[in-house]
1. Between the stretch A:188-202 and the stretch A:1-64, what is the separation of their alpha carbon centroids in Å?
2. Give the nm distances, rounded to one decimal, from residue A:30 to the matching residue in every other copy, measuring between label points 7 Å along Cα toward the beta carbon; shortest first.
3. With just the Cα atoms defining each centre, how far is the stretch A:221-271 from the stretch B:112-141? Give it in Å.
4. Place the label 7 angstrom along Cα→C-beta at residue B:301 and in each other copy, then list the distances from the first to the rest in nm, shortest first.
5. In 20 Å bins starting at 0, how do the alpha-carbon pair distances of the protein assembly as shown split up by percent?
6. Defining a contact as two alpha carbons under 8 Å apart and six or more residues distant in sequence, what relative contact order in percent does chain A show?
7. For residue A:293 paired with residue B:25, estimate the spin-label separation in nm (one decimal), with each label point 7 Å from Cα along the Cα-to-Cβ line.
8. Between helix A:280-296 and chain A, what is the angle of the helix's C-alpha long axis to the longest principal axis, kept within 0 to 90° and rounded to the nearest 10?
């Protein structure tokens, strides 16, 4: 076997490849050079996972990478119909973000329960304003998304005494199907969006679904911005259909400076950082190196995306 | 037995006494009338637990309440030498605040780990600024105070994957003695103050102890303000001896508007609210009613404070 060519989409230099050094020819592409370089690459590593360039650059036929790995949990940014129809294998970073995102969701839920954003506002005003806060234990969460991230979120919330229901694409052990969603939303204190972006999840949190929720409920999105109809969420918060929300992901990222979401009372805006704890890039690199070892040895890859469904199926 | 007189210190009307209605004569006192009314009371309920009036008003000898209950965990606001030397029994609200305070500490620790205060600052500035945050699981906490509140804090942090060491007045099963404190502080990521205020804990968090901590460590005080030398803490945060701190209690409460603590970067100020979740006053009332039933039946009280030590001893 000749030395394979690894094409890296991303302008950040890739961290050390460790064991792979000398066993692979590394080339870099940015969004403008990706289309020209794809045909000669054996493997594509989507290191800049904020880019949507793969969708536009993927060759319809002819030479193309046999394997695409993305350093992200979501694959919506690269799965174009041509890639989905091809025999190219797509893998993702399943497993790296579960624990960090679960902690991040717990941080937001506890911050809302304890009214921490208002505490910081009162502090800026040097105002001593005692309030009663909420007990978290004994409350109910509805976690939409039953993959490893959703399950980690549910597990962390359960560790804090919350009863967490998981909702997935279809009912299975410990997971509710979509037919239970509205009933669960109607009694949830915390609604957490952690689903992959697919044609069946796009825009699922719309005006009707926010209307089903309790006025005391908080909504948290750590999945993808397009799961939510942002204008409907803004309206639901403004009209106090729900108590508040935290968004870590948005329809357009970075969130434009003129977006009304920045200044909406009751809304916490964070810059798509929920999974990114110190050392995460090293973990992503190490995971890719392990996958590469499997691929180079001709062994089956793990974390293989079902390209029709748009995520890695199963437990 | 004649109908006993219950004197309530506090201007807030006492919530319904339920079962006790008609079995007790209720009188109210504020700070100015307390001294005059104490001698004729059988029981004193310190409902306004922010008041220090009992210390000044307690009669040196002669008629006095045989039982004093405070609707708080701490008893430092009422334990004067004359009360400590008398045969009057003192009880506290042990148990009501444990879970709420543990959740509040978890909220603060997670907020620091996930850099939430800065996220809110960037949001106000409409600035999209991605940062790496910290993983909480695998970090170390040192919880100073081994009563029910300290143990609940340690338990909640452990549920989030933190290794939590408890420090108490003396070593016992699962509790370190003061001789281990500096060693534990030196390697803690989170230092939590949850000790009662006694002569041996007053001012224990001083410049030397903040100097022992790691530059990456955060300090959280949910005990009593006087556990901390505030000027030393402010200096430690200013000089970045530690990464930051959250104070829910202060030497002077409410914190005066001109205190530099309000505006110190890296410091979170909250208004002594960590234990006060919705329904807490009902829980305090119910707890007092249960204690009163024991007292009226001549049975031994629970939650009895060791007036020499200044807290309820034992597990």
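1. For the stretch A:188-202 versus the stretch A:1-64, the Cα centre distance is 31 Å.
2. Residue A:30 label point versus its equivalents elsewhere: 7.1 nm.
3. 18
4. 7.0
5. 18, 43, 28, 9, 2, 0
6. Values: 586 pairs, mean separation 47.8, N = 315.
15 percent.
7. For the pair residue A:293/residue B:25, the computed spacing is 8.4 nm.
8. Around 40 degrees separate the two axes.
No value in this document is a laboratory result; all are computed from the given coordinates. Everything numeric in this text was worked out from a predicted model, so none of it was measured. Cβ sites come from the backbone with ideal geometry, for glycine too, and all protein chains shown count toward neighbours.
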